[in-house]
Amino acid sequence: MSQSDAQTRDRVKQALRTQRIETPSWAYANSGTRFKVFAQEGVPRNPYEKIADAAVVHRLTGVAPTVALHIPWDRVDDYADLAKYAADQGVALGAINANVFQDNDYKLGSVTNPDPGVRRKAIDHLLECVDIMDRTGSRDLKLWFSDGTNYPGQDDIRARQDRLAAALRETYDRLGDHQRLRLEYKLFEPAFYTTDVPDWGTAYAHCLELGEKAQVVIDTGHHAPSTNIEFIVAFLLRAGKLGAFDFNSRFYADDDLMVGAADPFQLFRIMYEIVRGDALRPEAGIAFMLDQCHNIEPKIPAIIRSVLNVQEATAKALLVDADALAAAQQAGDVLGANAVLMDAYHTDVRPLLAELRTELGLDPDPMGAYARSGYFDKIRAERVGGQQAGWGA
Ligand code: RM4
Ligand code: MN
């Protein structure tokens, strides 16, 4: 290995040491499609057991120290106690995800509903989520709205934007100094004609109007086919308005498959823009979260695999030779510039990541370590009786 190779490895490993990936409580629970939820053995029955599983992922990967909660799925009487339990397990509570999409009252929308009483109920839930953040010490309130309409003429598109803006303003004004509002968009579903926050432009415009503490969430599964997501990353980072990722993979729509499974090259291109924008460091304030469902595969190893996929894409992005790339771009060397990027993408970074884990005192092979740990046999034996957690639980 030449001296510059050794320097590159050190630089890449140093950056990877600072990387943090947040796992979602709901990914540990049962999930499915609208056709069937296939129950699995050993699945958590309450938020405490979800946190125990998340702690296992962190212990094995070393880079997943926080767990996102979903309210009301993770509602408990004593959030301080839940936060303490998490700390005892070696993790912390992360983003609080509001849920204004699973109540009969929300049939025609939540914060954009034509009925002011329903809007009040929805906004009160968002404010309750900020109260919970005060108790859990969470920094981020993540908002996704299923609001929209199914038929032309069903409701006034413009009035719904006014209602959305008013709800966001009231919620934003309730945030503490260190709290932030993250607004997520999604192209369609469950509404099929109009969606009130369908794209990054809409989310960006609302966040701009709200102020500094409001930023956009990119859920990688929430775009039309062929959308250039790395362009959105570059644009929002430049504007200081990229707040978070919900990582997952899609083949068709909002599939929620493991990140990096459908298109590892896209994940690399996204992570390259993150590296280019110097946004990997935790101080840059971007929350890198997973938002996935493991319907047919075992959940904990799937989450470990997802964390490793993000890590591998990041390592490759860090390997891009920035000087060579800039020189080729300046010289108008189209093929040369492309080759610099592809060289990094084609590098097998798994040995480097194994080396990094060994240096951190971890098993170099987290998937194998999980299989050998006996944890699954333990939870399968212990978690009998009670109600397994899942959507709506
Ligand atoms: C939505 C969106 C949100 C997630 C819910 C469960 O489609 O992606 O982030 O909280 O699903
Ligand atoms: Mn999401």
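Any read-out appearing in this document is the output of simple, stated calculations on the displayed coordinates, not a laboratory observation. Because the structure is predicted, anything quoted here is derived from the model rather than measured. Here the Cβ is made from the backbone with ideal geometry for all residues, glycine too, and neighbour counts use every protein chain on show.
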Within the chain, helix-based [θ] at 222 nm, where runs of 4 or more DSSP H residues each add -39,500 (n - 2.57), nearest 500: -14500 deg cm²/dmol
Segment 1-40 versus segment 263-334: alpha-carbon centroid distance in Å: 10 Å
For segment 68-96 versus segment 213-251, the gap between their alpha-carbon centres in whole angstrom: 26 Å
Lysines whose Cα lies under 19 Å from that of residue 13, excluding same-chain neighbours fewer than 8 positions away: 316
For residue 237, net neighbour charge (Lys/Arg +1, Asp/Glu -1) across residues whose Cβ lies under 12 Å away: 0
Scattering curve values for segment 1-101, log₁₀ I(q)/I(0), Debye with Cα scatterers, q = 0.17 Å⁻¹: -0.80
Most fluctuating residue given options 78, 255, 105, as computed from a GNM of the chain linking Cα atoms under 10 Å: 78
When each of 50/142; 299/378; 107/186; 121/299 is checked by Cα-Cα distance, pairs over 22 Å: 121/299
When the chain is reduced to its Cα atoms, the Kirkwood hydrodynamic radius in Å: 21.9 Å
GNM flexibility winner over the chain from 102, 215, 179 (Cα, springs under 10 Å): 102
Rounded Å value of the spacing that divides the Cα centres of segment 150-191 and segment 104-124: 11 Å
Highest-MSF residue in the chain out of 149, 347, 23 [GNM, Cα springs under 10 Å]: 347
Neighbour-limited loop hits for GluC sites (Glu not before Pro), segment 148-229 (at most 13 other Cβ within 10 Å; DSSP other than H, G, I, E, B): 212
Full-extension gain in nm, residue 327 to residue 9, via 0.36 nm per residue minus C-alpha separation: 112.3 nm
Proxy reagent accessibility, fewest Cβ within 10 Å first, across 271, 342, 133: 342, 133, 271
Residues listed by number, segment 45-83, amide nitrogen under 18 Å from residue 17 label point at 7 Å toward C-beta: 61-65
Antiparallel DSSP beta bridges within the chain, as percent of all bridges there, nearest 5: 15 percent
Relative contact order for segment 300-393, counting Cα pairs under 8 Å that sit 6 or more residues apart, in percent: 25 percent
